[in-house]
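The values are calculated or read from the model by the stated rules, or taken from the named source; none is laboratory data. Nothing here was measured: the structure is a model prediction, and the numbers come from that model. Reconstructed Cβ throughout: ideal geometry from the backbone, glycine too, with neighbour counts over all protein chains shown.
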């Protein structure tokens with residue numbers, strides 16, 4: 001009888017441990033959404049630098065939730081849906097509000113339109129990603145991922161706030177958010193870096209490149225990250241235009 005009771009208690013403890021493991025990845029997802037809301041509040045208060053930094057922090061939490069879920073083998077449909085809802089807050093609404101209060105508000109209806117368009121297209125991007133899970137190539141993204149778009153927009157606004165010179169040309173950010181919105185729902189392929197070749201012959205090269213990049217980021221964090229992420233953005237765009245041109249030339 002005592003052994004049976006101990007066995008039942010042991011099963012209950014194990015079940016609670018399993019349930020707790022399923023909660024952990026969702027806590028990171030909740031943290032991402034929470035920090036996204038804090039970013040929105042910072043934008044409304046006019047503290048644009050903090051708002052942009054909070055978006056970057058959200059990106060860290062967003063990256064951790066999926067990895068923790070895969071490591072603990074606790075991936076679930078609920079987690080995937082929750083992640084998408086958190087992403088639309090942290091990487092859709094938060095950067096859109098940051099854009100509106102820092103730049104868009106000065107351009108009337110155009111600023112409002114571009115703010116709304118970014119959020120709507122970001123939601124479409126997330127919905128398409130969820131539908132294409134397991135179908136698309138793991139080595140590429142179809143369209144710009146919404147976290148990438150959010151980081152690009154946040155870094156552009158950080159540079160715009162840091163250098164007064166750029167504030168005279170902030171209409172460029174208007175064009176930039178329009179391009180970002182369309183790139184999210186485009187069919188342009190972007191490298192995902194999920195499958196990096198880390199074989200021994202390449203490890204030394206990768207290590208050297210990483211040290212160089214981190215050194216530059218350490219000295220000029222805002223400028224270097226902005227340049228790197230913008231190059232990534234326009235690399236995919238230029239490659240897409242090139243492939244389209246080649247395909248059209250071959251048909252003719």
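The table that follows gives values for the structure above.
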| item | result |
| --- | --- |
| Residue within segment 31-51 that is closer than 22 Å to residue 121 by Cα and either part of a loop (DSSP other than H, G, I, E, B) or at pLDDT below 90 (or both) present | no |
| Qualifying residue in segment 237-245 (condition: touching a helix residue (DSSP H, G or I) at 6+ places or on another chain (Cβ under 8 Å) and under 21 Å from residue 143 (Cβ atoms)) | yes |
| Flag if residue 119 is within 25 Å of residue 225 (Cβ to Cβ) and either out of contact with any helix residue (DSSP H, G or I) (no Cβ under 7 Å at 6 or more places or on another chain) or part of a helix (DSSP H, G or I) (or both) | yes |
| Long-range neighbours under 7 Å by Cβ, at least six apart or interchain, first residue at positive phi and surrounded by fewer than 16 Cβ atoms within 10 Å (Cβ to Cβ) within segment 41-61, second at pLDDT below 95 and part of a helix (DSSP H, G or I) | none |
| Flag if residue 124 is under 12 Å from the mean Cα position of the chain (by Cα) and in a helix (DSSP H, G or I) | no |
| Filtered residue count, segment 127-143, keeping only those that are touching a strand residue (DSSP E or B) at 6+ places or on another chain (Cβ under 9 Å) and either part of a helix (DSSP H, G or I) or under 20 Å from residue 176 (Cβ atoms) (or both) | 4 |
| Members of segment 102-114 found to be in a helix (DSSP H, G or I) and crowded, with 22+ Cβ neighbours inside 10 Å, listed by number | 102, 104, 114 |
